[in-house]
Each structure stands twice: as C-alpha cells, then as structure tokens.
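Novice: Below: one structure in structure tokens.
The values are calculated or read from the model by the stated rules, or taken from the named source; none is laboratory data. Keep in mind it's a predicted model, so treat the numbers as computed, not measured. Note that each Cβ is placed from the backbone with ideal geometry, even for glycine, and that neighbours are counted across all protein chains shown.
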Amino acid sequence: MLHPSHELRYINSTIGYGIFATEPIPKGTIVVFSDPLDIKILPKTYARLNEQFREVIESFSYIDREGQGVLSWDNSKYINHSCDSNILLTPYLFSVSIKEIAKNEQITTDYALLQAYLDIYQQGEMSFCHCDSPHCRKGLNIPNVEDYLPLFISSLNDALSLAMKVRQPLLDFMDTKDKYELIKVLENYHDCSKSMSDFLKKRRNNFSRKWSRFLS
Ligand SMILES: [Zn+2]
C-alpha cells in the first residue's frame with residue numbers, strides 16, 4: 001500500500017506513468033508497505049503465462065522475502081526507478097523516504113534492491129535506465145547488489161532514525177501485531193546492515209528454491 005499523499009501522472013511515452021507527491025513527505029516516512037491485498041505470483045502461474053504477460057509481471061512486480069513474486073494491487077507498482085531515488089526498500093517489509101520529498105516531486109525507488117527478476121531470472125540482460133540523475137548507473141542491473149549496500153545502508157540508517165519522529169499514516173493500515181513489532185524495531189533503532197544482508201540472502205535463496213524448476 002502506498003502513502004495516501006500521492007497521485008498517478010502520465011510522464012511520457014518512454015517512461016509511461018509515475019507517482020508524484022501531492023503534499024510534502026518528510027524523511028523517515030513509510031511510503032510503501034506490503035499489505036495483505038497484494039497479489040502473489042506463484043512460479044507455476046508465471047510458467048504458464050505467454051511472453052507478453054511475463055513482461056508485464058517483470059515490469060510491475062517484485063520478489064518478497066519468501067521468494068514469492070508480488071504484484072501490488074494499488075499504485076505502488078507505478079513507482080519508477082532512479083539511481084538517486086528518494087525512497088528505498090528496508091529489510092522490514094516497507095520502503096522509507098530517505099530525503100524530504102517536496103509536493104509535486106516524483107517518488108522514486110532504487111530497483112537495485114527490488115530487482116530479483118532482472119538479477120536472477122534474466123541473468124544479467126541489460127535494462128537501460130532513463131533517470132536523469134548525475135549519478136545514473138545507465139543500467140538497472142547491478143551484478144552484486146552487496147557492493148552498493150554501504151551506500152544504501154547509510155541512507156537507510158539516517159532515515160530510519162527519524163521514523164518515530166514523523167507522521168506515519170500507513171501505520172494505521174497495518175495489522176496490530178505487525179505494527180507493534182515494527183514500532184519496537186524503530187524505537188530501539190539500530191544499524192540495519194545485518195538485517196539487510198540477511199534479508200537479501202534469504203530472498204535470493206528462497207527465490208532460487210521456489211523458482212529454479214520453473215525457470216530452467
Ligand atoms: Zn539512472
């Protein structure tokens with residue numbers, strides 16, 4: 001589920017649609033979280049789809065911690081990539097704003113942390129980046145996301161240390177148990193580097209275990 005202060009806008013024929021903030025969103029805000037209405041993509045379902053349909057799945061879905069494909073039911077699936085994004089995936093099943101996001105600014109994330117399909121399934125096939133960041137990596141694939149982790153971790157630690165100090169409208173949509181567990185993590189905030197490498201390792205292993213016989 002996506003933060004309520006957003007709208008979907010058409011950008012151009014290369015990029016298609018994007019998500020824009022309709023109000024300022026402070027740094028440290030939960031901008032997206034995986035919710036129970038999201039659609040799970042089973043490997044056997046994916047294996048039965050034709051190439052056109054698979055392209056849609058690869059463009060709009062991501063792989064969760066359990067190695068399962070997930071297609072968001074709401075506008076979250078239209079969040080574009082930027083090599084200088086203003087939100088990032090955390091190891092806690094949500095994405096957080098790592099900068100102040102201004103009204104009318106596009107909300108972008110770094111697909112390097114979500115790119116399991118590109119990374120594992122397409123095995124290095126290049127997908128070009130259209131972001132206009134001066135730090136643009138030109139392609140969405142990073143062979144070893146771990147090489148970029150220190151950069152991501154430092155932004156995440158900085159943003160997460162503010163999470164309990166800013167308004168969090170998405171917390172109201174979380175199950176009580178999930179919400180209190182999350183608040184506990186954020187209140188006693190620690191360095192998330194170990195949680196992030198554990199999360200990436202677990203996702204990669206689960207993905208290989210669940211998908212290998214369908215993708216070979
Ligand atoms: Zn880029």
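Novice: When you go through I107, I63 one by one, which is the residue that is within 16 Å of the ligand (Cβ to nearest atom), hydrophobic (A, V, I, L, M, F, W, C) and either modelled with pLDDT of 95 or more or within 10 Å of the chain's Cα centre (by Cα) (or both)?
Specialist: I107
Novice: Sticking with this structure for a sec: Scan region 133-172 residue by residue and report those that are without any contact (Cβ under 8 Å) to a residue 60 or more places away in the chain and touching a strand residue (DSSP E or B) at 6+ places or on another chain (Cβ under 8 Å).
Specialist: If the condition is that a residue be without any contact (Cβ under 8 Å) to a residue 60 or more places away in the chain and touching a strand residue (DSSP E or B) at 6+ places or on another chain (Cβ under 8 Å), then K138, G139, L140 are the ones that fit.
Novice: Here's a follow-up. Could you tell me whether any residue of region 117-139 is among the hydroxyl-bearing types (S, T, Y), at pLDDT 95 or above and either surrounded by 14 or more Cβ atoms within 10 Å (Cβ to Cβ) or not in a helix (DSSP H, G or I) (or both)?
Specialist: No, region 117-139 contains no residue that is among the hydroxyl-bearing types (S, T, Y), at pLDDT 95 or above and either surrounded by 14 or more Cβ atoms within 10 Å (Cβ to Cβ) or not in a helix (DSSP H, G or I) (or both).
Novice: Is it fair to say K40 is part of a helix (DSSP H, G or I) and either over 27 Å from S212 (Cβ atoms) or in contact with a strand residue (DSSP E or B) (Cβ under 7 Å, 6 or more places away or on another chain) (or both)?
Specialist: No: the conditions fail for K40.
Novice: Filter region 167-208 down to the residues that are surrounded by fewer than 15 Cβ atoms within 10 Å (Cβ to Cβ) and not in a helix (DSSP H, G or I) and list them by number.
Specialist: Of everything in region 167-208, those that are surrounded by fewer than 15 Cβ atoms within 10 Å (Cβ to Cβ) and not in a helix (DSSP H, G or I) turn out to be R167, D175, N188, Y189, H190, D191.
Novice: On the given criteria, is V31 assigned to a strand (DSSP E or B), in contact (Cβ under 8 Å) with a residue 12 or more places away in the chain, of a type in the set (V, I, T) and over 24 Å from E100 (Cα atoms)?
Specialist: No: the conditions fail for V31.
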